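Contents: one structure, followed by commentary.
The values are calculated or read from the model by the stated rules, or taken from the named source; none is laboratory data. What you are looking at is a predicted structure, and each value in this text was computed from that prediction instead of being measured. All Cβ positions, glycine included, derive from the backbone under ideal geometry; neighbour counts span all protein chains shown. Remember, those area values only see protein heavy atoms, side chains included, never the ligands or the DNA or RNA. Shrake-Rupley method; radii C 1.70, N 1.55, O 1.52, S 1.80 Å.
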Amino acid sequence: MDDDDDDVPQLSSHTLAALQEFYLEQQQREGMKTSQGFNQYSVGSIEEDWQLSQFWYSDETASCLANEAIVAAGKGGRIACVSAPSVYQKLKEQDGADFSVCILEYDRRFSVYGEEFIFYDYNNPLNLPEHLLPHSFDIVVADPPYLSEECLQKTAETINYLTKGKILLCTGAIMEEQAAKHLGVKICKFIPKHSRNLANEFRCYVNYASGLD
């Protein structure tokens, strides 16, 4: 019996601890969802799907980017969040604020947000609803799901179609040259953080005088 047990793969203590932490977080989230005070717009209310390369921002980063977008859009401004659901959720938490926002996202779980949800696949960057008119958003906030030039280039087509001019891009530090090439944006001093630490260094890029420097 003992010999058989020796052949069974054993998880390391580090892996076990990480799994226990993950399941505990899941239980806590489910508990929040069943409580009366659950906020459908809180970051993490829809869980990350790593297979879709989803990694949510920390609450502080999401708030910072949302506030930057509001200031950049101006009073009565229109904001588009392209593959940036954490920022969209933070914007929606700002009750009564004088701006409008929509979310362009591949993950159909975000369709719970109703008419503001627009299904978006970066592989078809201009396959957009007719009511999304060209150059109709005061700022576009975008976080392409993959760190590849192809993904950035196609997402850039969408961004350039939608924006009146202002762009706030979040992507890897290794994409700085391609970001400048396709969108004319420059790296900011502000460093975005994620709720889970990523191996790749992330940065923000803009093409206007922002509050992120």
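Would you check if residue 142 is modelled with pLDDT of 95 or more, farther than 22 Å from residue 61 by Cα and among the small types (Gly, Ala, Ser)? No, not satisfied. Among the residues of region 122-170, those identified as aliphatic (A, V, I, L, M) and loosely packed, with under 13 Cβ neighbours inside 10 Å are 126, 133. For residue 147, the criteria (1) farther than 23 Å from residue 206 by Cβ; (2) assigned to a loop (DSSP other than H, G, I, E, B) hold in every case but one, which is (1). Of all residues in region 197-212, at least one satisfies being in contact with a Cys (Cβ under 6 Å, 6 or more places away or on another chain) and either outside any strand (DSSP E or B) or at pLDDT below 95 (or both).
Listed here are the residues, each with its yes/no results for (1) modelled with pLDDT under 95; (2) closer than 23 Å to residue 167 by Cα; (3) open to solvent by less than 50 Å² (accessible area, probe 1.4 Å).
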position: 40; (1), (2), (3): yes, no, no
position: 51; (1), (2), (3): yes, no, no
position: 77; (1), (2), (3): no, yes, yes
position: 86; (1), (2), (3): yes, yes, yes
position: 104; (1), (2), (3): no, yes, yes
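Going through (1) part of a loop (DSSP other than H, G, I, E, B); (2) closer than 22 Å to residue 107 by Cα; (3) not acidic (Asp, Glu) one by one, residue 153 falls short only on (1). Within region 175-196, being open to solvent by 10 Å² or more (accessible area, probe 1.4 Å) and either at pLDDT below 95 or touching a helix residue (DSSP H, G or I) at 6+ places or on another chain (Cβ under 6 Å) (or both) holds for 178, 182, 183, 187, 191, 193, 194, 195, 196. Is there a residue being among the polar types (S, T, N, Q) and part of a strand (DSSP E or B) anywhere in region 164-186? Yes: region 164-186 contains one or more residues that are among the polar types (S, T, N, Q) and part of a strand (DSSP E or B). Across region 88-102, the qualifying residues are those that are closer than 16 Å to residue 138 by Cβ and out of contact with any Asp or Glu (no Cβ under 9 Å at 6 or more places or on another chain), and the one among them that is modelled with the lowest pLDDT is 97. Every condition in (1) touching a strand residue (DSSP E or B) at 6+ places or on another chain (Cβ under 7 Å); (2) under 19 Å from residue 65 (Cα atoms) is met by residue 211 except one, and the failing one is (1). Within region 116-138, residues that are on the phi < 0 side of the Ramachandran plot reach partners that are at pLDDT below 95 and assigned to a strand (DSSP E or B) with beta carbons closer than 7 Å, at six or more positions or on different chains, in the pairs 117/105; 120/105.
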